[in-house]
Each structure stands twice: as structure tokens, then as C-alpha cells.
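Remarks on the structure that follows.
What follows is calculated from the coordinates using simple rules that are stated; it is not laboratory data. Treat the numbers as computed from the prediction; the structure is a model and nothing was measured. Note: ideal-geometry Cβ built from the backbone for every residue, glycine included; neighbour counts use all protein chains shown.
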Amino acid sequence: MTKIEFIHEVRAALAGYPEDEVIKSLTFYTESIDDRIEDGMPEETAVSQLGNIGEIIQNIKLSMSIPVLAKARVKESKEKSSNKKIWVILAIAGFPLWLPLGLSFASVLLAIYICIWALVISLFACEIAFGVSAAVGLVYSFIHMITISYQGGIMFVGASLFLAGLFVLLIKPVIRLSGALVKSTGGFIRWIKKLFISKGGR
């Protein structure tokens, strides 16, 4: 496949999507092809090294925002002759339900996304609380020994060391779990986007 053929095939697959999004993606891939050609690689080899064109087209779509993908999917569905009657019926009978259903769906997705990030923040907040409590507890324990009671101060030292131990013990698991949760948000967004990408090519 030549560079021109590659551009034509990508443009055809992305017909109906915003022109600026298409141009941005095509610019990236054509520059990659040009760089390989400048390094002495044959044009068709340079194009083939980009990977499977179907996967490239899907990755371009996944790089777009959810509203853009949803709008393109609705437009695609409307243009299909088999769906035109269904859209007319939905336009007449289903219009009062569209907005609340759409808002409900969006609210559920947003709630899941927020919950994931809230869990990440909570994990780090707990970890920081253990560390700060241990440091403050050690300082207070020495003050308590001098000003109030030596035995009480020893007890506070023990509690502070316990909190410090929790801080050290949990810091790696918290970082790993938080990283996995943050990564899952990206996967979650990609999953939502795939709902608006048809398997038939557009």
C-alpha cells in the first residue's frame, strides 16, 4: 500500500468524523511514513510498518472524545436505510425519554469514574495520615514524657512506631493499587468509546 492509498483508506473509514480530528491523525501517520522514507525505506514498507490499518483506524477513533464518537455513531445509524423508519418513530414517540435516559446513562458513567478516583485519593489520604500521625505522635510522646508522665510517653512511642510501621508496610501496595486504579480509568474510558465504534468499519 502506498502513502496515497493509505490516506484514502483512512479518510474513507473516517468519513463523518470531524475534519480537524481526521487531519490531525493523518498528519501524525504521514509524518511517520515520511520519516521512514527519508531514512531510505521503500514507501510501501514504510506504510506496512505502521501496523494493521484496521487497528490504526480504531486507534484514531479511540483518540477522539466520547461526544464526537457518539455523534458520528448516531449519524451513521441515521444514514442507513434500514434504520430510517426506526429513527422517525423514535423522533416522534421517544423524544421525551431521550434526555432523561441520556442524562442517566452519563451520570452512571461519571459516578463510576469519580468513584475510582475517590478511591485513589482515599488510599493516599490514609497513607499520609499514617505517616503524619506517626511523626506527630513521636514528637508528642517525648513532650509527654518530660511534662506529664514517662509511662504515658512510652505508650505514645509504641503507638507512633505502630503507625510508622503501617506507613512503611503499606506504601508500596498503595502505590501499586493506585497505579492499577488510575490505569483502569483509561481502560474504562476506552471501553465507553468502543460502545460508539461500530464493528463494521465506521
Original post:
Tell me, what ³J(HN,Hα) does each residue in the stretch 58-68 have, in order and in whole Hz, if you take phi through Karplus 6.51 cos²θ - 1.76 cosθ + 1.60 with θ = phi - 60° and put x for Gly and Pro?
Top reply: 5, 5, 5, 5, 5, 7, 7, 6, 4, x, 5
Original post:
For the pair Ile148 and Glu38, how long in nm is the line joining their label points, each one 7 Å along Cα→Cβ?
Top reply: 7.1
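Starting from 0.36 nm per residue, how many nanometres of slack lie between Val132 and His8 once their C-alpha separation is accounted for?
Numbers: separation 124, 0.36 × 124 = 44.64 nm, distance 5.96 nm.
Difference between extended and current length: 38.7 nm.
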Subject >> In Hz, Karplus ³J(HN,Hα) per residue of the stretch 116-125 (6.51, -1.76, 1.60; θ = phi - 60°; x = Gly, Pro) >> reply: 4, 5, 5, 5, 4, 5, 5, 4, 5, 5
